[in-house]
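**Q** Below is the structure I would like to discuss, written out as structure tokens.
Computed from the coordinates by the stated procedures, all read-outs in this text should not be read as laboratory data. Since this is a predicted model, take the numbers as computed values, not measurements. In this analysis, Cβ positions are derived from the backbone assuming ideal geometry, glycine residues included, and neighbour counts consider all displayed protein chains.
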Amino acid sequence: MNRWSEIHKLIQSADKILLSTHVNPDGDGIGSEAALYYSLKNQGKECRILNPSGLNEEYQQIFDFTKFEEYDRAAHKDWLVGVDLAIIFDVGDYDRLQELGEDLKELNVKTISIDHHPHRNPNGFMHTLHDLSASATGYLIYEYLCYAADQVGEELILGREEAEGLYIALMTDTGSFRYSNTTPEAHEMASELIRQGVNPYELYAAVYESSPVERLRLLGAALESIRLSADGALAWFTVTRDMMWKTGGKSEYIGGFTDMVRSVKGAEVALMINEQSDDRCRINFRSKGKIKINALARKLGGGGHEFAAGATVRLSLDEAINKVVPMAETEIETQLAKLK
Ligand SMILES: [Mn+2]
């Protein structure tokens, strides 16, 4: 039996469908939503995208931003009544849906989680399709659309938004086909999308070459703060509220900073400590592939992939530095010693 057959039946028998993804939606979540949204609309289904938070500027140039609504209980809860199915992308932890998750539960809406992250407790969802080997959630959506087309004996023909959504999902989650999750299947999917009309440079430029200058200034301040430790195997840096204030930066500009710091020669792990308030910091780890960092993120109350993980800690900036940096050093040194 095909792994999509059950989900396909659920989708076929639903008339009113909600799509959603995590807070601060990334290219994978948004792209997956766009692809399935337009596909379901074409089938005449009533469909709506409601996310826990809004769309970053770069994605507003590619997609019709009015289709990506920020969930507002007062304005949207009435619409949730009578939803047959909620499909949630790139989220395995139900709690990340925040208020929307609470309301779906209260209204007893059927939920499906489609994701490629490892999870401790995927509870809360009624159905799940989790595949850690998939490069992106968008890869899974592509596989589903191929399956659905095949069921009616047709070739998959994608509209502009569907094809661009899938390409953006894949491009952003593989770091533009550079990270270790770049599989032959990912390239095959990209080649099919390009054949169907996607323009790779146009989408790359929309996402990566349209930074507000404040973002680059904030990046400059962040790069200035890089420190090396564990014999150079750890490159850590901070993004403080002071930097934000001086550069005019915003928290949504921070995505991708840790990946950039990982490029330091000799560094195995990059670590960002982002001061969010007097007693809260966001911690981000990126590994080049020798050191697994998800156990470290879990110790701090977070999670993620083996080589890309993070956590939010209830600590001041100084406290976070004093706690997390030594923890990371110890973890890196222990793992490196085992590799010798
Ligand atoms: Mn993803």
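**Q** Over segment 1-43, what lengths in whole Å, largest first, do the semi-axes of the equivalent ellipsoid take, defined as the square roots of 5 times the eigenvalues of the alpha-carbon gyration tensor?
**A** After diagonalising the Cα gyration tensor, the semi-axes are 21, 13, 10 Å.
**Q** Taking the Cα centre of segment 59-142 as origin, work out the dipole magnitude from +1 charges on Lys and Arg Cβ and -1 charges on Asp and Glu Cβ, in debye rounded to 20.
**A** That gives a dipole near 220 debye.
**Q** Please report Rg (one decimal) and Dmax (integer) in Å for the Cα set of segment 213-339.
**A** For segment 213-339, the Cα-based Rg and Dmax read 13.6, 44 Å.
**Q** Under the Kirkwood approximation applied to all pairs of distinct alpha-carbon atoms, what is the hydrodynamic radius of segment 148-227 in Å?
**A** With all distinct Cα pairs of segment 148-227 included, I get 14.8 Å.
**Q** On a 0 to 90° scale, report how tilted helix 317-339 is relative to the longest principal axis of the chain, with both axes built from alpha carbons and the result rounded to the nearest 10.
**A** 90
**Q** Let me ask something else. Given His22, Ser251, Leu300, which one lies farthest toward the positive end of the charge dipole of the chain, if we put +1 on the Cβ of every Lys and Arg and -1 on the Cβ of every Asp and Glu?
**A** The one lying farthest along the dipole's positive direction is Leu300.
**Q** Okay, moving on. Please arrange Thr247, Thr334 by how many other C-beta atoms lie within 10 Å of their C-beta, fewest to most.
**A** Thr334, Thr247
**Q** Can you give me the angle between helix 137-151 and the longest principal axis of the chain, using Cα atoms only, in degrees from 0 to 90, rounded to the nearest 10?
**A** 20
**Q** Among the listed pairs Lys105/Lys323; Lys110/Lys288; Lys77/Lys246; Lys265/Lys323; Lys67/Lys105; Lys265/Lys292, give every one whose C-alpha distance is greater than 29 Å.
**A** Going by Cα-Cα distance, Lys105/Lys323; Lys110/Lys288; Lys77/Lys246 fall outside the 29 Å limit.
**Q** Hey, what angle do you get for helix 160-173 against the long axis of the chain, alpha-carbon based, 0 to 90 degrees rounded to 10?
**A** In the chain, helix 160-173 runs at an angle near 30 degrees to the longest axis.
**Q** Still on this structure, I have one more. Taking neighbour counts of Cβ atoms within 10 Å as a proxy for exposure, in what order, fewest first, do Cys146, Cys281 appear?
**A** Cys146, Cys281
**Q** For the chain, what is the mean residue ellipticity at 222 nm derived from helices alone (per DSSP H run of n ≥ 4: -39500 (n - 2.57); sum divided by total residues; nearest 500 deg cm²/dmol)?
**A** One gets -13000 deg cm²/dmol as the mean residue ellipticity at 222 nm.
**Q** A follow-up question, please. Taking 2.2 N^0.38 Å as the expected size of a compact globular protein, what ratio does the Cα radius of gyration of the chain give against it, to two decimals?
**A** With N residues counted in the chain, Rg over 2.2 N^0.38 Å equals 1.01.
**Q** Here's something else I'd like to know. Given segment 5-208 reduced to its alpha-carbon atoms as identical point scatterers, what log10 I(q)/I(0) does the Debye formula return at q = 0.11, 0.14, 0.16 Å⁻¹?
**A** -0.46, -0.77, -1.03
**Q** Quick check for me: using +1 on Lys/Arg Cβ and -1 on Asp/Glu Cβ, what's the dipole size of segment 94-171 about its Cα centre, in debye to the nearest 20?
**A** About 280 debye.
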